[in-house]
Amino acid sequence: MSRNTKTFKAVVDFIKEWYSTDDFLPLHAPVFNGNEKKYLNECIDSTFVSSVGKFVTEAEEQFAKAVGAKYAVAVVNGTCALHLALRVAGVQKNEEVITQPLTFVATCNAISYLNAIPVFVDVSKETLGLSEVALKDFLESHAELRDGACYNKTSGRKISACLPMHTFGHSVKLDEIKKICDKYKITLVEDAAESVGSYYKGKHTGNVGVVSAFSFNGNKTITCGGGGMIVTNDEKLAKYAKHLSTVAKTAHPYEFFHDEIGYNYRMPNINAALLVAQLEQLDSVLENKRQTAEAYKNFLANIEGVEFITEPKDCQSNYWLNAIQFSDKETRDEFLKYSNSNGVMTRPAWTLMNELPAFKDCQAGDMPNSIFLAERLVNIPSSVRN
C-alpha cells in the first residue's frame, strides 16, 4: 500500500467512524428531526399549499430575526433570490458586476439574467471568497470615477455592483470590501447562499451589503427542498423585491394589473412550512456541525499532506461543507477517486467561472489563488449527525 493510499484510507475510515456507518455517505443530506411533518400536514389540511399561506409570512419573519435583518422576502430558490437582489440593487443591462471565479455557477447566471457582465477578481486563500486585496488592486488599475459612478477604463462600461460569495459558509472580509466599494461608488450585494448561520465580526452575513441572497436547497445547512430568501435592511428594497417576486401585481382584491415585468418567484407555502420547522432547529444544527468540523480539524492535524480549512479570523462559520486541501492536483484527484470508490462522497471545488463557455470572454484579473484552490480543494461529508 502506497503512502498516499494509507493516508486516504485513514481519512475515509475516520469519516465512516465519525458518522457511525459503513453505508454510502453523501456529502450533505437533509435531516428532519423537528416539526416538519406536523407543519406539512397542517399546510395540506389548510389547502393553502401554493404561494399564499401563513407559513410564508412566518418563514420571512423568523428568518429575518435569525439573521438580524429587518426584512426578508421568500422566493422559490437561491438563484431567484440572487437575480432579484441584483435587480433591486439597480444593476442594469450592459453594466458590470465584480465577482469571484471560484463560486457556484448561480452567482454568474444571476448576473447574466439581467444582461449584465461578470468581471472576475481573485479570491483569498484565507476566506476562499473574494479577496479585498485583489479587489483593491483591480479597481486601482482599471476603475475611474465619473459623474459619481464607477467605470471600467478597459471596457468603458459602468461597474454597478460587487458580488462576493461566502464560500462553503466562510465569510469574506465584509468590512474591508464594503470600504472599497464605498470609495468607488459600487453597490455591495452579498451572495450568502451558503452562509446561513455564519457571522463576520459578530454580525450575520447578509447584513453588510445593501441586499443579500440565501439558499435553502436540499443540501444546504437548513432546507425546505428548494427555497431562497432575499434579505435587506432597506424597507423600500424589500417591498420592491416582494412586488417583483409576485409577478409585479398591484394590490387589489380581484383585479389583475401588473405595473412592470415581474417574476413568479414566490415560495410555495408547503416549502415554507418545512423552512419554519428547520429554522426552529437552526441553533442545534449549527452546534452539531461545529462538532463535526472540530473533529475533522483535530484528526487531520496529525495527517501529513492534508490541511483542514478552518474559519477565517473574525469569522464564525457555519461549516456548511467542510473542506480539505491537498498539496497538488494529482494527489487531490487520487483522493477523489479513492474516497468515492469506497463509499464516501467527496467532490472538488467548482470549475472556475472564467473557464466555462458562457463566461470565458469576461474580463478577469490575475487569479493565482483561485487556480491554486480549484486544483487542491475537496469537500468531505458534512451532514448533521443524528
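Between the beta carbons of THR351 and LYS236, assuming R0 = 51 Å, the FRET efficiency works out to 0.85 to the nearest 0.05.
Spacing of the modelled spin labels on LYS313 and HIS252, each 7 Å from Cα toward Cβ, amounts to 5.9 nm.
In the structure shown, the pairs LYS9/LYS297; LYS70/LYS178; LYS125/LYS179; LYS38/LYS289; LYS16/LYS313; LYS297/LYS360 are assessed against 27 Å; a Cα-Cα span above that value is assigned to LYS16/LYS313; LYS297/LYS360. With R₀ set to 41 Å, the beta-carbon distance separating THR154 from ASN264 gives a calculated FRET efficiency near 0.60. Distances between placed amide hydrogens fall under 5 Å for VAL119 paired with VAL97, ILE98, THR99, all partners being 5 or more residues away or on another chain.
Give the calculated FRET efficiency between TYR19 and SER327 to the nearest 0.05, with a Förster radius of 35 Å applied to their Cβ-Cβ distance. According to the calculation, E is roughly 0.85. Hey, how many Å between the Cα centroid of segment 31-73 and the Cα centroid of segment 80-108? If you average the Cα positions of each part, the centres end up 27 Å apart.
For segment 112-159, the average shadow cast by the Cα convex hull is 4.1 nm², which is a quarter of the hull's surface. Taking label positions 7 Å along the Cα-Cβ direction at both GLU280 and ASN298, the computed distance is 3.2 nm, reported to one decimal.
Panel values: segment 36-281, Kirkwood radius from alpha carbon pairs, Stokes-Einstein at 20 °C and 1.002 mPa s, translational diffusion coefficient 117 µm²/s. Ranked from largest, the principal axis spans of the Cα set of segment 1-136 equal 58, 51, 26 Å. Calculated mean residue ellipticity, 222 nm, the chain: -11500 deg cm²/dmol, from DSSP H runs (n ≥ 4) at -39500 (n - 2.57) each, averaged per residue and rounded to 500.
Its alpha carbons considered, segment 306-362 gives a radius of gyration followed by a Dmax of 14.6, 39 Å.
The length gained on full extension between THR5 and ASN288, counted as 0.36 nm times the residue separation minus their Cα-Cα distance, comes to 98.9 nm.
Look at the alpha carbon pairs under 8 Å that are at least 6 residues apart: their mean separation over the length of the chain gives a relative contact order of 24 percent.
Here, each number is a calculation from the coordinates, and none is a lab measurement. A quick note: this is a predicted structure, and the numbers were derived from the prediction, not measured. Cβ atoms come from the backbone with ideal geometry, glycine included; neighbour counts cover every protein chain shown.
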